[in-house]
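Read through the structure below, which is laid out as structure tokens, and then see the notes.
The values are calculated or read from the model by the stated rules, or taken from the named source; none is laboratory data. All of these numbers come straight from a predicted model, not from anything done at the bench. Note: ideal-geometry Cβ built from the backbone for every residue, glycine included; neighbour counts use all protein chains shown. Accessible surface is based on the protein model in full, side chains and every heavy atom, while ligands, DNA and RNA are left aside. Shrake-Rupley method; radii C 1.70, N 1.55, O 1.52, S 1.80 Å.
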Amino acid sequence: MMKYLPSAQWSITTLVLTCLLTFLFNRIFIDPDDIQFQSLRSQLRGGGGDGDDCGNLTSSITNYDLLTTDNFDPNTANPDLTIPECLPDVFFPLRRTGERAKEIGDDNNDDNEQQQHQQLFPTPVERNNPCWGMLIRDDIILTTSQCSQITLFFDFPDEKVGSIEANPLILEEHELEKMDPRLGFLKANKAPDHHYFVEESTKRTRMFLSLISNPVNGNGNEDDDHNNGGGADVLMTCDDRNRPTAHNFPVDNTNGTTEAVPLSHLAHVVPHDILWKERDMATAPVLVDDHGHRSWTKAVSLDAELKKFSKLMDEYQGPPGSVSIPDAHNDNKQVSKTGALCEAVDPRGHRRQDCFKNYFFRWRHATPFGGMHFFDWLDFGEGRDLMETNDTETMIFHKHSDLKCFRESFDRKKVHYFDDEEREKHEVVLKPSEDGRELVARYKRSDEPVPENYEDDAHLYVWDLENKLYVVDHNWDSVKYGKIKHTAVLAGRPALSAGEVYFGKGGRLTGINWSSGHYRPGITAVSTLYQWMKNEGFNATSLNWMGRSSWNTVKCLKNDWDNVKLPGYNSTSLLRSCLEVTSGPMWFRKEEEDDR
């Protein structure tokens, strides 16, 4: 193996030949696409990119921040060398109890190291047999074989999560055959998910695993299992980008020494979504949360991300004739449509759509593209800085609400989306009154009538694709959630209709309209609801139907009923119902503002 020498000792000719030979060796004998679990070779060559910069061979190695077997003793709470900056979140002691020991002593106490030891390992068993772990991924911890056989606790790198229980991870027989018997895994079963979208979750990568067991001492052969370069074995390194990389795991021998177990064999053991190739590592964007904790994700292409948004758009698009978020915000540039969709799929609480369109535009048109998922970019990348400064001068789509797009305001103003329990509580059943002349609405679960309301205090309703009717007082739990929006009821999913509804005493239905800014129903929704009531045998003329000023019989005749593809409805009956309701005495037209 070629030894790296200080650059001053190389002649220009020798340096050129070295680069050429290295290039040819890698091209002929090493195919990066065939190596599932690559090391950071580009960092060893310098530059952190494609490895073509041969001018910093020495500096790229010596600039490592290291943790080695010489400066780490698993039996002490106070290593001789402070653990490098990038490691405390991912390399830590494991406890047999869920609570930390209380801090005792101070820096001036002669017994401070012993007290620190007791704090780090609270129980006598821990102090005699300490366990350390590497957090490879949010839910996977690498540790010793002995420690992997018991339930342990660790402090997750997020203060809001706190202490988490880690249980033994049972490997398959074929995995055990490839696993070094000195090592094992724990699985943190309650580790929080990281979401790209509200319904797409993953676990975050916390550190990288290397096939080079000792890069600093010159052992750069990825097939070598042991350090042949002399000196202390490297356990972990922090590279020029402060990324934590594990090369070996420390195991305490019976003779009191610490042995470094190489990790190259893990390429055949760990889950495939952890097997990162060199090009993935070189381009991996870093995610930094509000407390400075870091994780990594594989870089994505803009084209792939836009295809995901397009697929989501299709999922939130109902059948022709229904009402949906994409249909309600169908502008030429699809900016409003995307903003509304972002509200629905926002993994961090369905923040209001107003600000999304500006930031989505910036993310999409960034040069060069940053390689991050949109919501990762918004909350853990460059987008977070843009929102902190609220750079309104470069905003693309100017509205008054843009001036309120500071992160503090944006993160606070969210639309509450119902869960299944809340939705079920608000399902309403319509039945004829005793004399059959009116309609009475009662909540299905409680059989209580819907409360009386007035014109300036309407309830909102949503009628879903399965003909279920939900009625909610828009002030329901307003102290906690603010005014409820139509999209809250079905979690942004498509519906048959949405608007406001009025009730008299005893749940008597008196009027209905189609005022919904999120869904923006058309005249098709009027006809569909009217036709459904007739199909159910209800007296549809017993209530006031309040449509828009532009909705009339002419609008009915011009509507494309043949394009309506709703099960149980046909174009002929829908046209007939539309003409009947818009020409009847119960039809009222007025201008309305869509703000819900």
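Within segment 407-456, the residues that satisfy the criterion of being part of a loop (DSSP other than H, G, I, E, B) and among the acidic types (Asp, Glu) are ASP419, GLU434, ASP435, GLU438, ASP447, GLU448, GLU452. When residues in segment 336-353 are screened for being open to solvent by 10 Å² or more (accessible area, probe 1.4 Å) and closer than 19 Å to SER515 by Cα, 4 of them pass. Would you mind stating whether GLY507 is surrounded by fewer than 24 Cβ atoms within 10 Å (Cβ to Cβ) and more than 23 Å from VAL345 (Cα to Cα)? Yes: the conditions hold for GLY507. Note on segment 214-259: residues that are among the small types (Gly, Ala, Ser), at pLDDT below 85 and either touching an Asp or Glu at 6+ places or on another chain (Cβ under 6 Å) or assigned to a strand (DSSP E or B) (or both) total 1. Note on segment 289-307: residues that are closer than 16 Å to THR202 by Cα, assigned to a loop (DSSP other than H, G, I, E, B) and of a type in the set (Ser, Thr, Tyr) total 1. Take ASP456 and tell me if it is over 39 Å from the mean Cα position of the chain (by Cα) and free of Cβ contacts under 8 Å to residues at least 24 places away in the same chain. It is true that ASP456 is over 39 Å from the mean Cα position of the chain (by Cα) and free of Cβ contacts under 8 Å to residues at least 24 places away in the same chain. Of all residues in segment 446-483 being modelled with pLDDT of 85 or more and β-branched (Val, Ile, Thr), which is farthest from TYR519 (Cα to Cα)? That would be VAL450. Filtered by the rule that a residue be open to solvent by less than 60 Å² (accessible area, probe 1.4 Å) and on the phi > 0 side of the Ramachandran plot, segment 293-335 gives a lone residue, GLY321.
Only residues in segment 479-496 that are of a type in the set (Ser, Thr, Tyr) count as the first member; pair them with residues that are not in a loop (DSSP other than H, G, I, E, B), Cβ under 9 angstrom, at least 6 apart or cross-chain, and list the lot. If the second residue must be not in a loop (DSSP other than H, G, I, E, B), the pairs left are TYR481/LYS414; TYR481/ALA488; THR487/ILE325; THR487/ALA340; THR487/GLU343; THR487/ALA344; THR487/VAL462; THR487/ALA498.
Of the helices (runs of 4 or more DSSP H) lying entirely inside segment 485-596, those containing at least 2 residues that are at pLDDT 95 or above are 523-535, 553-558, 571-582.
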